[in-house]
Amino acid sequence: MIDDGLAACVNITTPVTSIYLWQRKRETAEEHLLLIKTVKQRYPELERAITALHPYELPEIVAVPVAQGLQGYLHWVEQCTKEKN
């Protein structure tokens, strides 16, 4: 994702325990949460890459809009995720 310019940064958390319902059954799994920084324009490509690589049939992928942020950081994310012509 980084090398392909789909994300500027990916944070990988230590394992978290997830408890959820899947196909009407309570499941528990140890998972890593990824916080992936990208821009709105690259989201569709990023989602396709995640679903292609992820082992789950239905991975948790959610986009959270950025209301505000340090201007320099937001600019850096934009520069890192610019599509190459």
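The values are calculated or read from the model by the stated rules, or taken from the named source; none is laboratory data. Predicted model only: the values in this text are computed from it and were never measured. All Cβ positions, glycine included, derive from the backbone under ideal geometry; neighbour counts span all protein chains shown. Remember, those area values only see protein heavy atoms, side chains included, never the ligands or the DNA or RNA. Shrake-Rupley method; radii C 1.70, N 1.55, O 1.52, S 1.80 Å.
Values as computed for the structure displayed
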{"item": "Long-range neighbours under 9 Å by Cβ, at least six apart or interchain, first residue touching a residue at least 24 places away in the same chain (Cβ under 8 Å) and closer than 19 Å to residue 2 by Cβ within the stretch 47-66, second among the charged types (D, E, K, R) and open to solvent by 70 Å² or more (accessible area, probe 1.4 Å)", "result": "49/4"}
{"item": "Qualifying position, being open to solvent by 100 Å² or more (accessible area, probe 1.4 Å) and within 16 Å of residue 35 (Cα to Cα), among 60, 83", "result": "60"}
{"item": "Single residue of the stretch 43-57 satisfying the filter (acidic (Asp, Glu) and surrounded by 14 or more Cβ atoms within 10 Å (Cβ to Cβ)) that is nearest to residue 11 (Cα to Cα)", "result": "47"}
{"item": "Pairs, first more than 11 Å from residue 13 (Cβ to Cβ) and open to solvent by less than 80 Å² (accessible area, probe 1.4 Å) in the stretch 29-42, second outside any strand (DSSP E or B) and of a type in the set (Val, Ile, Thr), C-beta under 6 Å, six or more apart", "result": "37/77; 38/81; 39/81; 42/81"}
{"item": "Of all residues making up the stretch 16-59, the number that are within 17 Å of the chain's Cα centre (by Cα) and aromatic (Phe, Trp, Tyr)", "result": "2"}
{"item": "Qualifying residues in the stretch 3-28 (those that are in contact (Cβ under 8 Å) with a residue 40 or more places away in the chain and assigned to a loop (DSSP other than H, G, I, E, B)) - the one surrounded by the fewest Cβ atoms within 10 Å (Cβ to Cβ)", "result": "4"}
{"item": "Complete set of residues in the stretch 67-77 that are part of a helix (DSSP H, G or I), open to solvent by 60 Å² or more (accessible area, probe 1.4 Å) and without any contact (Cβ under 8 Å) to a residue 60 or more places away in the chain", "result": "71, 73, 75"}
